[in-house]
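Inspection log for the structure reproduced underneath, given as structure tokens.
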Amino acid sequence: MKYYYLLIIGVLLIIGALLISLFYFGEQKNQFFKLVDICQDRHTIECRTDQLPYNNPKLPLEKRVDDLLSRMTLPEKIGQMMLIERNSLKNDNDIALYGLGGLLSGMGSKPDLDTPEGWLSMVNEYGRISKTTRLGIPVLYGADAIHGHTNIKEATAFPHFIGLGATGDVELVKKVALATTQELAASAIYWNFSPNVDVLGDPRWGRFYESFGSDPSLVTRLGVAYLEGIAAYDSSPYHPIGTAKHFIGAGAMLWGTSVNKNFKIDQGESDISLDELRQRHLPSFKAAIAAGVPSVMIGLNNWQNKKISENQYLITDVLKKEMGFSGFVISDWYGAYEIENNKYKATVTAVNAGIDMIMLPFEYKRFMADIQTAVDKGDISQERIDDAVARILKVKFQIGLFDNLNYNPAAIADIGSAEHRAIAREAVSKSIVILKNEKQLIPISKFSKKIYVAGDAADNLGIQLGGWSVEWQGINGNWTPGTTILDGIREVVSPQVNLVYNKDGNFNDNSKLADIGIMVVGEKPYAEGWGDKEDLSLSDNDLEIIDKLKKNSKKIIVIIISGRPLVIKNEIKNWDATVAAWLPGSEGAGVADIIFGNKPITGKLPVNWSL
Ligand code: GLC
């Protein structure tokens, strides 16, 4: 019996030794490939770079790029082609060891000290580390500020793009983009993965609210306005950039074609001809390029049963050559590796298709090894590597990352500032679309005797903000500064009004009907494929509350907080007025500005809403 146990222990020891050696070898395999040299002390002769041509801001951009590129080793070039999620860093110093070109915060990826100060010091520390490399090439940090810098809970949350689409207001979108850029820059983030210039199709898509609408000319106009808003930033020596996304045709995906088993349409097949793709989905990108957008993100959708990420015709022949895009192309999250199971081949295909910076976003050691292998084997040409890196460096020089060391801590005051919140409230009121207004019920009198308010979306900032708000999928409830729709109603009506709020519509005072009953229904927060939904009708619970409100009120108004048109055609006939408020963000009081007549009604449907 004793020998039996000894045998078991021996076998376990051998397995353990095998696993450790496999892991060690795996790591060593990567380390077998050359990494980037580090220069902690800039004063040694081989580390002095301040006098080199590429660090001379007086030199023409092309000369700076050519000079720097000519000095770079292959590992230093490959490092620039990686966009890594910050949580994937085994050690922050890997930023320098691998010479990483880009870092990002996926929504919800935040510093331990999750305050504006904490964000600023986190991003600046990453920048400092990146400059300890031999050539001191600064890392570029990107984030999704698609409706404000809502990575931070204190930030101003503007209406999601579907609401901005309803405003149709170019000047307003510019103001929103500039305010967003100012709040991002207060975290030293100069790269926004926005504007989304997808042209919308199926409202069942969980990303419907992220775009301006279904009319290519509206999307084009507002997409350009957003980029102009970013370009208007002049609060520091940096020149922040946006990203036109998702190239191309994501809005044309077909329900039921998602390659992700959890989703129904997101990451699905864009079932359109080349002609329709060109007519309907190319113009917004063409205009963004003409407006100087420095980066374009490739979508996770398929076209003609292939990932866009592997489509050399669309990325290189159309986007880069035919449309003259001279910035850099990034893949979307893990998009390169979704091309096929063999990660080496997938990466080679994505780079050769024309993607310049790969949002891996995890495996930077593997990428460093794979691309060195690919160049050694001739699977990727040195020219393709140099083209990709030159495009990335050019934009980094344009942003001013090489020429500016300091940041402006005072800019932190921009985050959630009263001025920005006023812009957001204006955007909310201009985004409101009246779907029905029997006998001109709206605007409601501020001096009504009794007003009932019901519905859990009436007093819920998390519902107003929707997805991409501190957490990827958003957070239900009141966790961020701002005003709810109920706050706005309370602020606007006269103090004499008997205003009663009951989330569930339980109003017990049957002595007198309310003059007006206001119901606010809303979608719970969602993002991307997790928001793919076939049944867009109101919940039974919401319909029951509306019935109770109707029994207790002379007239009722239903306000809908949603990222897309909901199905209300069987119910709307029972309501006196109906309002689409989309996902208004942190300044919900802007809704009251419209229903009580403080602001003119200007919003128009940016998409079809069959009533
Ligand atoms: C996401 C989205 C893209 C976003 C990126 C970084 O999956 O598709 O729009 O910019 O990853 O968060």
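The values are calculated or read from the model by the stated rules, or taken from the named source; none is laboratory data. From a predicted model like this one, the values you see are computed outputs, not experimental measurements. Positions of Cβ are backbone-derived with ideal geometry, glycine not excepted, and every protein chain shown enters the neighbour counts. These area figures cover heavy atoms from the full protein model, side chains too; ligands, DNA and RNA do not enter into them. Shrake-Rupley method; radii C 1.70, N 1.55, O 1.52, S 1.80 Å.
The alpha-carbon of Lys261 sits under 13 angstrom from the alpha-carbons of these aspartates and glutamates, leaving out residues fewer than 8 places away in its chain: Asp532. Overall shape of the stretch 421-595 was characterised from the C-alpha gyration tensor. The equivalent ellipsoid obtained from it has semi-axes of 25, 19, 15 Å, in decreasing order. Beta bridges per DSSP, both residues in the chain: antiparallel share near 15 percent.
Restriction of the chymotrypsin sites (Phe, Trp or Tyr not before Pro) in the stretch 340-404 to DSSP coil positions whose beta-carbon has at most 16 other beta-carbons within 10 angstrom yields Phe362. Per residue, the convex hull around the alpha carbon atoms of the chain comes to 189 Å³. Looking at the stretch 423-520, the chymotrypsin sites (Phe, Trp or Tyr not before Pro) that sit in a DSSP loop and have at most 13 other Cβ atoms within 10 Å of their own Cβ are Phe447. In the context of the full set of protein chains, residues of the chain present 39 Å² of accessible surface per residue (probe radius 1.4 Å, heavy atoms only).
Expressed per residue, the C-alpha convex hull volume of the stretch 482-564 stands at 111 Å³. For the chain, with all protein chains in place and a probe radius of 1.4 Å, 55% of the accessible heavy-atom surface sits on carbon or sulfur. Here the Kirkwood formula puts the hydrodynamic radius of the stretch 530-611 at 14.3 Å, using every distinct Cα pair. When the alpha carbon coordinates of the stretch 348-423 are projected onto the principal axes, the ranges are 57, 26, 22 Å, largest first. Distant-in-sequence amide contacts of Leu435, defined by a placed amide H-H separation under 5 Å and a gap of 5 or more residues or a different chain, comprise Thr578, Val579, Ala580.
Take each uninterrupted DSSP H stretch in the chain, measure its Cα extent along the helix axis, and return the ones at 27 Å or beyond whose mean Kyte-Doolittle hydropathy is at least 1.0.
Going by DSSP H runs, the hits are 2-32.
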